[in-house]
Amino acid sequence: MDVWDGQKHIENDPAYKGLNVNKGVESLPSVNPDAAKRFLGRKRSKLKVEDYVKGILDGDVTILSRAVTMIESNKPEHQAVAQQIIEKCVPYAGKSVRLGITGVPGAGKSTFIEALGMHILNDGGKLAVLAIDPSSERSKGSILGDKTRMEKLSAEKNAYIRPSPSAGSLGGVARKTRETIILCEAAGFDTIFIETVGVGQSETAVHSMVDFFLLLMLAGAGDELQGIKRGIMEMADAIAINKADGQNVQKAQMARTEYRNALHLFPPTQSGWIPRVETCSALLDEGVDDVWHMILEYVNNTRENGFFKANRREQSKYWMFETINEQLKNSFYQHSEIKNELGIYEQKVLNDETSSFIAARELLDKYFDKL
């Protein structure tokens with residue numbers, strides 16, 4: 001019997017009587033080879049800083065997205081280019097209304113953002129939605145599914161949706177989000193939404209980069225006043241109770257009364273604005289327009305009394321110090337000698353050979369001695 005060469009069916013050998021296997025049809029490639037050659041042969045052109053800036057100022061969302069990717073990258077060479085782009089875009093920024101939106105899980109943030117966004121677009125505005133998407137602590141991955149949940153908005157030419165993974169570094173994401181705001185404003189977007197992952201730490205960071213902070217809540221989901229932290233309610237410029245439709249309308253009205261009473265217990269705001277509570281149904285697009293007019297009223301009032309600009313200046317100062325803190329931290333951990341020593345000191349702490357505080361102090365001493 002001939003040795004099987006991998007090309008013939010062994011069953012057709014004379015030794016196997018009564019068997020006959022015909023040659024099958026060759027399977028076609030899953031990808032058109034001609035199309036694959038064209039795709040693989042087309043390399044993405046490397047843009048200069050001037051190309052990025054021109055594209056952003058011209059409102060090219062493809063170039064804007066590439067610039068945002070540079071901001072989000074941890075590579076030093078990408079960060080260097082990103083900082084040059086930001087520096088050149090700063091003079092063209094600052095002309096938008098920045099709105100932070102947060103809320104309990106399931107409050108319908110994405111549906112509400114889409115409904116509110118469509119009102120803004122219908123009024124002739126341009127909207128950018130920056131969504132901080134939670135990353136898995138195990139896999140470090142994110143779903144980044146906001147575009148799929150905002151089908152109408154993502155199809156509009158004057159809307160830009162950019163989900164960003166939190167990647168476990170809240171401070172880093174917040175800084176990158178603030179830098180992305182600058183690029184979006186330079187690209188001509190006059191309204192910026194920043195959607196947070198939910199009720200938690202991220203609200204404090206987002207509050208420090210927006211003009212208006214909206215808290216989205218639900219009615220009939222247990223004790224409303226215990227389901228949220230006092231600190232977040234103090235930050236809110238308004239509370240919108242979503243899903244006020246069907247049999248939930250009465251519950252929403254009762255929740256609005258409870259929240260209004262609770263807000264009166266808080267000290268007066270620096271802006272002079274008295275936080276309001278509204279009900280709405282993003283699904284049915286009821287009451288959403290009232291929320292937007294309330295936001296515009298807040299913007300007009302704070303611009304007249306000077307708080308709008310004063311708040312922006314305070315935020316810029318805050319982010320200067322935050323950037324210094326982050327750069328110092330990155331410099332420490334990227335230092336070659338610290339990288340070598342960190343594992344040694346970590347093991348000492350685990351073996352109870354030294355305390356955490358002494359180990360930290362000695363590592364910092366080594367770092368500053370090498371500067």
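Filtered by the rule that a residue be without any contact (Cβ under 8 Å) to a residue 12 or more places away in the chain and under 22 Å from the mean Cα position of the chain (by Cα), segment 302-316 gives a lone residue, SER316.
Only one of the numbered conditions (1) modelled with pLDDT of 90 or more; (2) of a type in the set (Val, Ile, Thr); (3) out of contact with any Leu (no Cβ under 6 Å at 6 or more places or on another chain) is violated by THR191, and that is (3). I'd like the full set of residues that are over 19 Å from ALA240 (Cβ atoms), among the hydrophobic types (A, V, I, L, M, F, W, C), in a strand (DSSP E or B) and modelled with pLDDT under 90, limited to segment 100-154. The one that is over 19 Å from ALA240 (Cβ atoms), among the hydrophobic types (A, V, I, L, M, F, W, C), in a strand (DSSP E or B) and modelled with pLDDT under 90: ILE132. From the list MET217, MET320, MET235, the lone residue that is modelled with pLDDT under 95 and surrounded by fewer than 14 Cβ atoms within 10 Å (Cβ to Cβ) is MET320. Checking each residue of segment 38-46 against the condition of being modelled with pLDDT of 75 or more and within 21 Å of LEU127 (Cα to Cα) gives no match. The residues of segment 341-371 that are at pLDDT below 90, within 26 Å of ASN74 (Cα to Cα) and not hydrophobic (A, V, I, L, M, F, W, C) amount to a single one, LYS370.
Taking segment 58-89 as the range and being outside any helix (DSSP H, G or I), surrounded by 14 or more Cβ atoms within 10 Å (Cβ to Cβ) and either charged (D, E, K, R) or touching a helix residue (DSSP H, G or I) at 6+ places or on another chain (Cβ under 8 Å) (or both) as the test, the residues that pass are ASP60, SER73. Screening segment 317-358 for residues that are closer than 30 Å to GLN270 by Cβ and of a type in the set (Phe, Trp, Tyr) and picking the one that is farthest from the chain's Cα centre (by Cα) gives PHE321. One residue alone among GLU314, GLU337, GLU326 is more than 28 Å from LEU215 (Cβ to Cβ) and not assigned by TED's automatic domain parsing to the domain that holds GLU151, and that residue is GLU337.
The values are calculated or read from the model by the stated rules, or taken from the named source; none is laboratory data. None of the values given here were measured: they were computed from a predicted structure. For neighbour counting, all protein chains shown are included, and Cβ atoms are generated from backbone atoms with ideal geometry for every residue, glycine included.
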